[in-house]
Amino acid sequence: MKQFFNMFDKSQEIPIGSDHGGFELKQFLIKNLSKEGYLFNDLGTYSEDSVDYPDFIHPVAKSINDGLNIFGIIICGSGQGASMTANKYPNVRAALCWNLEQAELTRLHNNANIISLPGRFLDFKVATEMVKVFLDTDFEKGRHIDRINKIPVSL
C-alpha cells in the first residue's frame, strides 16, 4: 500500500467529484479555495440534474488509487454513498467528515487520502475550513501505521 507523508502543497492538483446533492458545495469549494491557490480537477457533475454518484466518485478514487493524485474530495448529499464507493479501491482511505475535528483526526490517525463531505448537511464555510484542515494535517505515523496496514482485506 502506498503511504504518503507530508507531501501536499498547493501546486498539486486535487481531483474533486460530486453528484447533484453535492454540486453546490463542490462549486463553492472550487471557487473559494482556488482564490487561495488550490488547484482542482473538476470531475463532475456539472449541474444539479439528478445523476448517479458512483459515476463521479470512481474517477476521483481511481486517481488516488493509481497514485496520480495524493488527495481527493468527494461529495454527495449525505457523503455516505460517495465514501462507500471510494473505499472499494485498495489504496483509498476515504473518510466521511462532518466537522473540523474529524477532518483533522482522520488525517492524523488514519492517513485518509480522500475527504467525503455531506453536501446537504454542512455549512459551506465550515466545509471549506474542513478541507483546508484535511489537506494541511500530516499523518502522525507511529502506532497508526500498523492499524492502517490491517485495513485491506485479502480473501
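What FRET efficiency do you get for N32 and K88 if R0 is 30 Å and r is their Cβ-Cβ distance, rounded to the nearest 0.05?
0.50
When both segment 21-97 and segment 127-155 are represented by their alpha-carbon centers, they are found 17 Å apart. Loop-located trypsin sites (Lys or Arg not before Pro) across segment 48-103 with a Cβ neighbour count of 14 or fewer within 10 Å are K88, with loop assigned by DSSP. Only aspartates and glutamates eight or more places from K10 in sequence, or on another chain, were considered; those with a Cα closer than 12 Å are E36, D136.
Taking θ as phi - 60° and the Karplus parameters 6.51, -1.76 and 1.60, the scalar couplings of segment 135-151 work out to 6, 9, 9, 8, 5, 6, 6, x, 4, 6, 4, 4, 5, 5, 5, 8, 5 Hz in sequence order, x denoting glycine and proline.
Using the Karplus relation 6.51 cos²θ - 1.76 cosθ + 1.60 with θ = phi - 60°, the per-residue 3J(HN,Hα) values for segment 114-129 come to 9, 9, 10, 10, x, x, 8, 10, 9, 5, 5, 5, 5, 4, 4, 5 Hz, with x marking Gly and Pro. Couplings 3J(HN,Hα) for segment 92-99, derived from phi with the Karplus relation 6.51 cos²θ - 1.76 cosθ + 1.60 (θ = phi - 60°), are 9, 10, 8, 10, 7, 10, 10, 7 Hz, where x marks Gly and Pro.
Over segment 13-148, how many pairs of lysines fall under 15 Å by alpha carbon, counting only those 8 or more apart in sequence or from different chains? Don't jump to the answer; show the numbers that get you there.
Numbers: K26/K35; K26/K125; K26/K132; K31/K125; K31/K132; K35/K125; K35/K132; K62/K88.
Lysine pair count for segment 13-148: 8.
One decimal place: the segment R143-L155 gains 1.8 nm when fully extended, by the rule 0.36 nm per residue minus the C-alpha distance.
Averaging the sequence gap over all C-alpha pairs within less than 8 Å and six or more residues apart, then dividing by the number of residues, gives the chain a relative contact order of 24 percent. Once the chain from Y46 to K132 is taken as fully extended at 0.36 nm per residue, the excess over their C-alpha distance is 28.7 nm. Along the chain, counting only GluC sites (Glu not before Pro) with a DSSP assignment other than H, G, I, E or B and at most 15 other Cβ atoms inside a 10 Å radius, the longest segment between sites is 49-139.
Readers should treat all values here as calculations from the given coordinates under stated rules, not as data from a laboratory. From a predicted model like this one, the values you see are computed outputs, not experimental measurements. With ideal geometry, Cβ positions are generated from the backbone for all residues, glycine too; neighbour counts draw on all protein chains shown.
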